[in-house]
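Engineer: Mind looking over this structure? Questions follow.
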Amino acid sequence: MKMKWIDKNLHIKPINTHIDPFRPVENAIITHGHADHAKPGHKNVLATKETIEIMKIRYGENCADHFQELELNQTLNIDEVSITFFPAGHILGSVQVLTQFKGEKINFTGDYKTSKDKTCVNFEPVKCHTLVTEATFGLPVFQHPDEKKEINKLLHSLYLFPERPHLVGVYALGKTQRVISLLRQQGYNKNIFIHGSLEKLCNYYQENNVNLGKLSKVSLINKNDYNGEIILAPPSAIKNIWSRKFEDPIISQASGWMSIKQRAKQSLVELPLILSDHADWNELTNYIKISEAENVYVTHGREEAIVHWCKKNNINGLALSLSGREDEEEL
């Protein structure tokens, strides 16, 4: 089992191009804008319009020498290799990268989820000979609950404790906007307060027709101003002195990792919300089946369980264990 024209570091040899490289390279294809996939300093970057714009917001206009946009479901031919982007359903602009060379199709998922999400283009399955997949939540214990039930836990807590501010830890790109969108879908139309570091990306989502409603940056003139309000902030801000400016807050966090009680406890989270932008065990294994791939390479996450499942199902499985991939702490 060996990818002949792509190596274990996701380097497409015939066209000297890397997918989501960890260090600056000459040619990079970027699947999405999260910091463990999108690094600054490459010479040439191929990505969706949204990923390119997100990179510029995060790293500055000149974070790569040259950018090239590729639209979803459009094919770009470079020498004998063809490249097509398909929606990954992870965050705004996220894609799977289908590559084809001499009749062989290899699909790189990047990070993905197959459940529907109003803040990005929904996932689209792709058939291929070889699937290169993430496995962030690649253990049978990870089975994400219904997102509406999770967001209703926050609204119910607000009903039970109307005098307390609800401080929700969210990652700046993707999770923040999804939590806001879910609140709006459940009829929460009040002003939502956000930490200053979330503002630029929220504005970007709004500019891209993702309706987030009324948002205000936290000013903290009077700590009682936020009683009974929802405040979103990065997990790091909630762990530091910033959060002490609120009067008796209920600490919440929105993450797939909140299904692990010990992890929630360590983060001093009173109200864990299990909301993930990654595929869970069932989504991962179902997609492997749907892809009809004969070979499955696992880039990062809980690789061994997915590889074991593949072998049990007569599919060639191998862990790549890529360095530089994170468990989505501050992405």
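The values are calculated or read from the model by the stated rules, or taken from the named source; none is laboratory data. The structure displayed is predicted, hence computed values, not measured ones. All Cβ positions, even for glycine, are placed from backbone atoms using ideal geometry, and neighbour counts span all protein chains on display.
Engineer: Any residue at all in the range 303-317 that's closer than 27 Å to residue 92 by Cβ, of a type outside the set (Asp, Glu) and surrounded by fewer than 22 Cβ atoms within 10 Å (Cβ to Cβ)?
Structural biologist: No; the residues of the range 303-317 include none that is closer than 27 Å to residue 92 by Cβ, of a type outside the set (Asp, Glu) and surrounded by fewer than 22 Cβ atoms within 10 Å (Cβ to Cβ).
Engineer: Which of the residues belonging to the range 82-96 are surrounded by 19 or more Cβ atoms within 10 Å (Cβ to Cβ) and either closer than 27 Å to residue 171 by Cβ or not β-branched (Val, Ile, Thr) (or both)? Let's see the steps before the verdict.
Structural biologist: If we filter the range 82-96 for residues that are surrounded by 19 or more Cβ atoms within 10 Å (Cβ to Cβ), which is where we start, we get 83-96.
Matches in the range 82-96: 85, 86, 87, 88, 89, 90, 91, 92, 93, 94, 95, 96.
Engineer: Does residue 307 satisfy being among the aliphatic types (A, V, I, L, M), at pLDDT 95 or above and assigned to a strand (DSSP E or B)?
Structural biologist: On the way: among the aliphatic types (A, V, I, L, M): yes; at pLDDT 95 or above: yes; assigned to a strand (DSSP E or B): no.
The answer is no for residue 307.
Engineer: Another one. Within the range 260-276, can you find the residues that are under 21 Å from residue 165 (Cβ atoms) and in contact (Cβ under 8 Å) with a residue 40 or more places away in the chain?
Structural biologist: 267, 269, 271, 273, 275
Engineer: Any idea which residue in the range 179-225 is nearest to residue 34 (Cα to Cα), counting only those that are surrounded by fewer than 16 Cβ atoms within 10 Å (Cβ to Cβ) and among the hydrophobic types (A, V, I, L, M, F, W, C)?
Structural biologist: Taking the candidates together, the pick is 220.
Engineer: Does residue 107 count as part of a strand (DSSP E or B), in contact (Cβ under 8 Å) with a residue 12 or more places away in the chain and in contact with a strand residue (DSSP E or B) (Cβ under 7 Å, 6 or more places away or on another chain)?
Structural biologist: Values: part of a strand (DSSP E or B): yes; in contact (Cβ under 8 Å) with a residue 12 or more places away in the chain: yes; in contact with a strand residue (DSSP E or B) (Cβ under 7 Å, 6 or more places away or on another chain): yes.
In short, yes.
Engineer: Just one of 226, 287 is touching a Pro at 6+ places or on another chain (Cβ under 7 Å) and assigned by TED's automatic domain parsing to the domain that holds residue 92; which is it? Full working, then the answer.
Structural biologist: Working: 226 fails: assigned by TED's automatic domain parsing to the domain that holds residue 92.
The conditions single out 287.
Engineer: Another question about this same structure. For the range 275-291, does any single residue satisfy the condition of being surrounded by 14 or more Cβ atoms within 10 Å (Cβ to Cβ), part of a strand (DSSP E or B) and touching a strand residue (DSSP E or B) at 6+ places or on another chain (Cβ under 6 Å)?
Structural biologist: Checking the range 275-291: not a single residue is surrounded by 14 or more Cβ atoms within 10 Å (Cβ to Cβ), part of a strand (DSSP E or B) and touching a strand residue (DSSP E or B) at 6+ places or on another chain (Cβ under 6 Å).
Engineer: For residue 176, all conditions in the list (1) in contact (Cβ under 8 Å) with a residue 24 or more places away in the chain; (2) of a type in the set (S, T, N, Q); (3) surrounded by fewer than 19 Cβ atoms within 10 Å (Cβ to Cβ) hold save one; what is the number of the exception?
Structural biologist: Condition not satisfied by residue 176: (3).
Engineer: Of everything in the range 220-241, what is more than 18 Å from residue 269 (Cβ to Cβ) and touching a helix residue (DSSP H, G or I) at 6+ places or on another chain (Cβ under 8 Å)? Give them in sequence order.
Structural biologist: 220, 223, 228
Engineer: Among the residues of the range 97-122 satisfying the criterion of being closer than 28 Å to residue 210 by Cα, touching a His at 6+ places or on another chain (Cβ under 8 Å) and not small (Gly, Ala, Ser), which is surrounded by the most Cβ atoms within 10 Å (Cβ to Cβ)?
Structural biologist: Going through the qualifying residues, I end up with 111.
Engineer: Quick check on my filter: what residues within the range 49-67 are in contact with a strand residue (DSSP E or B) (Cβ under 6 Å, 6 or more places away or on another chain) and within 22 Å of residue 112 (Cα to Cα)? Break it down into steps so the answer makes sense when it comes.
Structural biologist: To start, the set of residues in the range 49-67 that are in contact with a strand residue (DSSP E or B) (Cβ under 6 Å, 6 or more places away or on another chain) comprises 49, 52, 64-67.
Of everything in the range 49-67, those that are in contact with a strand residue (DSSP E or B) (Cβ under 6 Å, 6 or more places away or on another chain) and within 22 Å of residue 112 (Cα to Cα) turn out to be 49, 52.
Engineer: Then there is this: Considering each of 126, 132, 141 in turn, give the residue that is of a type in the set (A, V, I, L, M) and surrounded by fewer than 16 Cβ atoms within 10 Å (Cβ to Cβ). Steps first, answer last, please.
Structural biologist: Working: 126 fails: surrounded by fewer than 16 Cβ atoms within 10 Å (Cβ to Cβ); 132 fails: surrounded by fewer than 16 Cβ atoms within 10 Å (Cβ to Cβ).
Within the list 126, 132, 141, the selection yields 141.
Engineer: Could you give every pair whose Cβ atoms fall below 6 Å, whose first residue belongs to the range 185-203 and is in the same structural domain as residue 53 (by TED's automatic domain parsing), and whose second residue is of a type in the set (S, T, N, Q) and modelled with pLDDT of 95 or more, counting only separations of at least 6 or pairs across chains?
Structural biologist: From residues that are in the same structural domain as residue 53 (by TED's automatic domain parsing), there are no pairs.
Engineer: Only one residue in 242, 257 is touching a residue at least 40 places away in the same chain (Cβ under 8 Å), outside the structural domain of residue 315 (by TED's automatic domain parsing), aromatic (Phe, Trp, Tyr) and in contact with a Lys or Arg (Cβ under 7 Å, 6 or more places away or on another chain), so which one is that? So that I can check it myself, show each step before the final result.
Structural biologist: Numbers: 242 fails: in contact with a Lys or Arg (Cβ under 7 Å, 6 or more places away or on another chain).
That would be 257, the only listed residue that is touching a residue at least 40 places away in the same chain (Cβ under 8 Å), outside the structural domain of residue 315 (by TED's automatic domain parsing), aromatic (Phe, Trp, Tyr) and in contact with a Lys or Arg (Cβ under 7 Å, 6 or more places away or on another chain).
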